[in-house]
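Only the coordinates and a few stated rules stand behind these numbers; no lab work does. Predicted model only: the values in this text are computed from it and were never measured. All Cβ positions, glycine included, derive from the backbone under ideal geometry; neighbour counts span all protein chains shown.
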């Protein structure tokens, strides 16, 4: 741990209302809440620019996390962070994403080498415990003070920045006076919860059930590491091969489906759910669960803002939609690059603060917005038809693969073609209007909220 940050002149204080709670006082330029991909990335970038950065992570790395499938666009970010070789060592190459529909014959494979920009032909599948550990260790190497096992309890903003109170595993309290706070707390959404700014996504709602298997049947050759997406009656499955021979399998379902667990163990419920998708069950027939099964309820949400005068929200601390395109890690890390630029400007050029935060806001909203149009429609029969029988007029397939690769922030000219894809989608939906209206009615029912108390808990 980097311990370069010294206590300020008044080394101890007491928590208001508790005369016995002694608090050690610290200071830094930037206090980062959370040591996942977004937090570790922004801490690295800001420390490299000479800012005094403290990163507080409530857990200890390596620790379990889901979200193991990366996008080709991630590889450029690894190069900029200086961790490309380490990521290559832990990953299995993912050259394509394939889709399997119960209403169509065969499998449709989208190879990243066929994207508009041919320079990003693959990504990686990774164990998140290893992936996140590499990123947070890199932040420490680059000069950030990294403190694990330290949970933020309170944040109070004032004219010059913020006061952040955190508790260590030994119960000791420390308070940081920071000029800027970065909330990268992931699905904990620390600031959004306390500001009551987080809300269910009104356009989407989903839950997940997942585990790791040994002995799952994989493809051969360069296709071994490809992700497979299986549609089924209650949502879709992921099948993600990992480098150590295990395979991550998860069901993303409408929330109502999780209520059907009815006392069954999570392991039994996952196996019963897999049985509803015969092509996936066939690939898993000789496999066995090798890790604890987890469940997550109602995980589609958004926050009504991305920043304030002395803070920004990164990655899942701002919003999360659905993992169908494996976009979560890329969006989190890209938001950290935007965030580092914004925070650096705010601290060095206060007169440019408003413009910097406006650029940040535009960048952070861009990714979820572009992915969400497709995500909201992925279970619609019209979208399934287009994915399972892709054509390439006006290069719409090339542009779609570029989106799947995460190539949405650069100069690749995909937007006119994606607009053409949307026109094709709406025209096809109108051509099959009765089916479209029936699907809309079903979706309205499927995304209805379900009380969290009725959902399967985190396991």
How high is the FRET efficiency from residue 435 to residue 394, r the C-beta distance, R0 30 Å, rounded to 0.05? 0.75
Which distance in nm do the two modelled labels at residue 118 and residue 169 give, with both placed 7 Å along the Cα-to-Cβ direction? 5.1 nm
Taking the alpha-carbon centre of each part, the distance from segment 223-256 to segment 409-425 in Å is 27 Å
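Ratio to report: Rg/Rh of segment 351-459, with Cα atoms as the point set and Rh obtained by the Kirkwood method; give two decimals.
My calculation of the ratio gives 1.08.
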For the chain, what does the relative contact order come out to in percent, with C-alpha contacts under 8 Å and a separation of six or more? 19 percent
Helix axis angle, 128-141 relative to the chain longest principal axis, alpha carbon, degrees: 30 degrees
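Mind pulling up the Rg/Rh value for the chain? Radius of gyration and Kirkwood radius, both on Cα.
Dividing the radius of gyration by the Kirkwood radius yields 0.98.
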Per-selection metrics, segment 169-313 (Cα): Rg and Dmax in Å: 19.5, 56
So if each residue of separation counts as 0.36 nm, and I subtract the Cα-Cα distance between residue 305 and residue 222, what length gain in nm does that give? 25.7 nm
Prolate/oblate/rounded label for segment 272-426 (Cα gyration tensor, a/c 1.5): oblate
Segment 407-453: C-alpha gyration tensor shape, a/c 1.5 cut-off, then a/b vs b/c: oblate
For segment 61-162, using Cα atoms only, the Rg and Dmax in Å read 18.8, 62
If you line up the long axis of helix 37-48 against the longest principal axis of the chain, both from Cα atoms, how many degrees apart are they, to the nearest 10? 40 degrees
Ranked packing of 79-89, 39-49, 429-439, most packed first, by mean Cβ within 10 Å: 39-49, 79-89, 429-439
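Please give the FRET efficiency for residue 445 paired with residue 268, using the beta carbon to beta carbon distance and R0 = 25 Å, rounded to the nearest 0.05.
Efficiency, rounded to the nearest 0.05: 0.45.
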How far, in degrees from 0 to 90, does helix 433-446 lean away from the longest principal axis of the Cα atoms of the chain, to the nearest 10? 40 degrees
